[in-house]
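The values are calculated or read from the model by the stated rules, or taken from the named source; none is laboratory data. In this text, all values refer to a predicted model and were calculated from it rather than measured experimentally. Ideal geometry is used to build each Cβ from the backbone, glycine not excepted, and the neighbour counts take in all protein chains shown. Just the protein is used for accessible areas: all its heavy atoms, side chains included, with ligands, DNA and RNA removed. Shrake-Rupley method; radii C 1.70, N 1.55, O 1.52, S 1.80 Å.
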Amino acid sequence: MTSGQLGISRTATGAEREVRISMAARIYIGVVVLAAVAAMSQTTVFVSTQMPVQHRWVALAVLMALFLICDSARAPLTSRQTKWSPSSSATLAAAVLLGPGAAGLVGAMSLLSLRRRLQAEERLFNGAMHALAGVAAGSTYLAINDTVGLPKNAEFSEIFLAFAAAAAVHVLANHGLLWGIYRLNRGDPGLRAEASESSLVLLLASDLGYASLGLVIASLWSAMMWFAAVIVLVPLFVARWAMAQFAEEQLAYAATMNALCQAVETKDYYTRGHGDRVSRGAVMIANQIGMNAARTEAIRFAGMLHDVGKLGVPTQVLQKTGPLTEDEFATIQLHPMRGLEIVREIGFLYEALNGIMHHHERIDGRGYPMGLAGHEIPEFARVIAVADAFDSMTSTRSYREAKSIDQGIVELRKGAGTQFDPVVVQAFIAAIARDGWERPGPAGAPIDLATVTVQDHDDPTAPLQVVVP
Amino acid sequence: MTSATRRLEPDRLAYWQAMDSGRLLLMGAAAMLVTASFAVSAVVLRHQAVDWHAALAFGGFVAFGELLRLALPGGREAAPIAMVGAMSYALLLTVPEGSGKPVVLPAVLVVAVCAVGMTVGALPHVAAGRPAGVTGMCTRLIAVAGVAFIFRSPVVRFLVPTAHHPEKQWWLEVAVMAVLIFFGWLIDTVVGALIRADDVGALFSVALVDEMQLQWRLGLAVGASVIIMVFSVKELGLGVLAAFIGPLLVTQVAFRRYAGIRATYLQTVRSLARVTEVAGYVEAGHSRRVSRLAVAVGRGLGMAEPELLALEYAALMHDIGQLSLRDPIPGGATVLVSPTDQDRIAEYGSDVIGRAGVLDEVAGLVRCQAWPARGHSPAPPLGSRIIKAANAFDDMVGSSTDRDRSAAAIDRMRLDPIAYDVEVVEALRDVAGRRVPSRL
């Protein structure tokens, strides 16, 4: 099951920041808590079952402990704010063995979660949400199956149906309530991206998958009592390990990629950080035009790597002050192809490769390398082209000062329809208005080995000078 | 890849030529086991009723699991879901079917059903043009057979509750099962390590530790799932198998995503390491050849898999520091540059890699790659000494496959025992002839 974590988000660099919880979200949390209290007061702890009283208490305590362990040891999903844990299996086992009241109590253990860094509001919300989901699932099971207790072989098919319904209700209640809080707390820009349906399908599927363990725990109970909960923990923790490992590798991957891209850029003093900024700009546009999570991730990498082929351009050409010869101009025009050559073997989305190859095409068809026009140009390339030109204009070059953000926007508007896709330009301007744009700091005099680009091929306001034969 | 290494790769050979005696032995044993099981099953089943529902359900489960094989880091393949199904079937003495009389499952039937299930599950792989994974299936089958036969031996049956003695304790049964599952896992792991050591030219002891480190978590998950499954089926009958598919699938997806990102990671580093080639700093294919060579040498010297991974990354990126040079070195051969410049390039490359914050070991190896093997304080780590030798070898030999040329390069390095580690050079001489493909 999934819990919300609004207060603290870990960014890729490990930095943490506080997120304000909006007033609307506070009211929503209040309503959910009241609903949970009301629902709990309507239930008794145990619906009468064939289990002796002391066994019921043991079962309740074990399931509460199971919930707490699962809940405290969450695995981060790709999304940085929703954390996933298999604790729903404990709630659902309580629903089968003991009834809705006990399921609600087990869910409410989320209040006591051993995770630190949770704000009081978050604890309250998570506890109330899981309690409500537990009561709802328990009531569904009881309504369909008419009775709770140790499942028996003879009535298994009915139990299975009732359990499937209860699990579905549980997942729905859990994600519905979470969706509400994300919706209401959308004022924060960091949360917007998270609340988008990033890996939602996987999340729902894994929730439903692990929910079925609840039935397994319940069925094992008559054979091995509390040990059922212990042994079920083993595969859960192995899965959790794999998930955490995945998240860790993903961060390591991104960090390595960053470092390598920086290495490529150090060759040229003025364009340091260019790839990173273009990548950020491309992601801003992607969010604005509503690309899904996988494509956004791909465009992030495509933006970062779009100029990697520039390494194939000889330093003398990059440094040349006078007009370029036809041949020299041709080597510059080839850099998207060289870039493609380097990254082709990476298991990327096909689209990211297209974005790298065509990021110097123009809407009017006068770009390179293929001279595509209008919507022949892949969407990724149209997005990267805008972020690319904007960053070039708003950075310092050896032959001019950096333009201001407003001037850059004016230039983008000028180029919309001829060089740039107007829709993308519009989206970028809206995104900048909302999130702002960080220009690189003023570059001092180059001090180290780095070479200095004298003509920037990305700069639309100062096109490359080519010798006219 | 050069044409010579391609010629030597096993997948270019006819199937039987690529097989070594270890594989043949394994397959022969499995084939005999299966044949015997079918024969005995046919005899046994004349006198005894068979629970076809259970056979079908578990056979289907095994086939399903074999269909969803899991690629693990290092080009390994596992079938955890198939293993759960097969082991559970092996550990079920009886299956209660409604109110019917419990039927005892003979071990030979377990083997026969699992063999059929695995074969059926492997067919789609073959149809899709993927390798059939016969070796893995044989290993699994032998492990399952071992467990099934031991579990039905009189000694073990004395310990666990049966229809005649239901009063035995559940924990005793759990303990017996745990021991047997561990035994099965051990068979699987040891055979896997034997095959792998043979494949990649590693020492068996190193391969075994690698295999265990990589497999123990998955093995633990499989073992616990087997125990849970056996008990649930005894309580609730075969229908409960459906409830297992969900959790097992989720675990499998988690592992698959983990292995997937590791593969992408390596692929990306491999590709991006080529920027030095595209920029004209080094000869085409240099990074890849050096990394192949370095990994093979490291393996020959008994390095474990995590170290080899760091070595492979470091070897791939060892020339990244050249990006700081204004103009490429003629021919890209760092072996021709002054030691100070070599150190500066290494230093810079190490800084670049260190900036990632997650590859400190790799950065360390790159930093020391130009240090002489002897007389330098602090002494360079083994990985760096390997990269130094592999880099020099490739700078001198390149993509050439001329044996005289590589022998001359080795001789030249032998003459300089201060710069090049003697042991590393000997290992390099061994692998330069073979050129084992990297499997990381």
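Laid out as a table, the results:
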quantity	calculated
Heavy-atom accessible area ranking, 1.4 Å probe, most first, across B:Asp198, B:Asp188	B:Asp198, B:Asp188
Column: log10 I(q)/I(0), Debye, Cα scatterers of the stretch B:3-260, q = 0.12, 0.15, 0.17 Å⁻¹	-0.72, -1.11, -1.42
Residue-wise HN-Hα coupling along the stretch A:328-334, computed from phi with Karplus coefficients 6.51, -1.76, 1.60 (Hz; x: Gly, Pro)	5, 4, 5, 5, 5, 5, 7
Summed buried accessible surface, chains A and B, 1.4 Å probe, nearest 100 Å²	5600 Å²
Accessible area of the protein assembly as shown divided out per residue, in Å², using a probe of 1.4 angstrom	41 Å²
Protein-protein interface of the stretch B:249-264, residues with accessible area decrease of at least 50 Å², isolated chain reference, 1.4 Å probe	B:Val250, B:Ala254, B:Arg257, B:Tyr258, B:Ile261
Cβ-based net charge around A:Met304, under 14 Å, with every Lys or Arg adding one and every Asp or Glu removing one	-1
Surface accessible to a 1.4 Å probe, A:Lys414 within the full protein complex, Å²	140 Å²
Rounded to the nearest 10 Å², the accessible area of B:Phe244 at probe 1.4 Å	10 Å²
Residue-averaged [θ]222 nm for the protein assembly as shown, counting only DSSP H segments that reach four residues, each worth -39500 (n - 2.57)	-21000 deg cm²/dmol
Largest-first ellipsoid semi-axes for the protein assembly as shown, taking √(5λ) over the Cα gyration tensor eigenvalues, angstrom	54, 40, 22
Helix B:80-90 axis, angle to chain B major axis (alpha carbon atoms, nearest 10°)	30 degrees
List A:Arg277, A:Arg338, A:Arg183, ordered by accessible area with a 1.4 Å probe, largest first	A:Arg183, A:Arg338, A:Arg277
Viscosity 1.567 mPa s, 4 °C: Kirkwood-radius Stokes-Einstein D of chain B over Cα pairs, µm²/s	53 µm²/s
Residues with amide H under 5 Å from that of A:Thr394, placed H, sequence gap 5 or more	A:Lys403
Pairs of lysine residues in the protein assembly as shown - Cα separation under 30 Å, sequence separation of 8 or more or cross-chain	17
Surface share of carbon and sulfur [accessible, 1.4 angstrom probe, percent] for the protein assembly as shown	62 percent
Sequence of B:Trp371, A:Trp221, A:Trp241, B:Trp171 from largest to smallest accessible area, 1.4 Å probe	B:Trp171, A:Trp241, B:Trp371, A:Trp221
Per residue convex hull volume, Cα atoms of the stretch B:187-329, in Å³	127 Å³
Prolate/oblate/rounded label for the stretch B:274-431 (Cα gyration tensor, a/c 1.5)	rounded
B:Cys368 accessible area, 1.4 Å probe, all protein chains in place, Å² to nearest 10	20 Å²
